[in-house]
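> Handing you a structure now.
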Amino acid sequence: MLRNRTGERIDAHQYPATTAELIEAYGEERLELPNGSERIADVLGRLESETFESADDARMAVYSAVSNKAVGRVGYSDRDPTPLGSPYAPEPMSF
């Protein structure tokens, strides 16, 4: 997900680093997601201010704060059946 060298830039950043520092340094970088893209500033802006001790901490924060643009199909699960009456239920098909 951290393509276009964004991941490399986050990895090379000096840590510890705050949310504000990462937004200032990489805020205009875009994350390419399955259903669009988002700026790092928008993603990290969803989080409370914190200090990241490592690049792994920063990456996990970014991964945890992306919007539903990162989800292939909202509400989809191949593990559980869709509950009756769910708005995410697929259209019935007749074979």
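> Could you list all residues from the stretch 1-45 that are in contact with a helix residue (DSSP H, G or I) (Cβ under 6 Å, 6 or more places away or on another chain) and β-branched (Val, Ile, Thr)?
Ile10, Thr19, Ile23, Ile40, Val43
> Counting only residues that are modelled with pLDDT under 75 and open to solvent by 70 Å² or more (accessible area, probe 1.4 Å), how many does the stretch 60-73 have?
3
> For Gln14, all conditions in the list (1) of a type in the set (S, T, N, Q); (2) open to solvent by 50 Å² or more (accessible area, probe 1.4 Å); (3) under 15 Å from Ala70 (Cβ atoms) hold save one; what is the number of the exception?
Every listed condition holds for Gln14 apart from (3).
> Looking at the structure I just gave you, is Glu29 without any contact (Cβ under 8 Å) to a residue 12 or more places away in the chain and of a type in the set (Asp, Glu)?
Details: without any contact (Cβ under 8 Å) to a residue 12 or more places away in the chain: no; of a type in the set (Asp, Glu): yes.
No; evaluated as a whole, the condition is false for this residue.
The values are calculated or read from the model by the stated rules, or taken from the named source; none is laboratory data. Since we're looking at a predicted model, the values are computed, not measured. With ideal geometry, Cβ positions are generated from the backbone for all residues, glycine too; neighbour counts draw on all protein chains shown. Just so you know, the surface numbers come from the protein's heavy atoms only, side chains and all, with ligands and any DNA or RNA stripped out. Shrake-Rupley method; radii C 1.70, N 1.55, O 1.52, S 1.80 Å.
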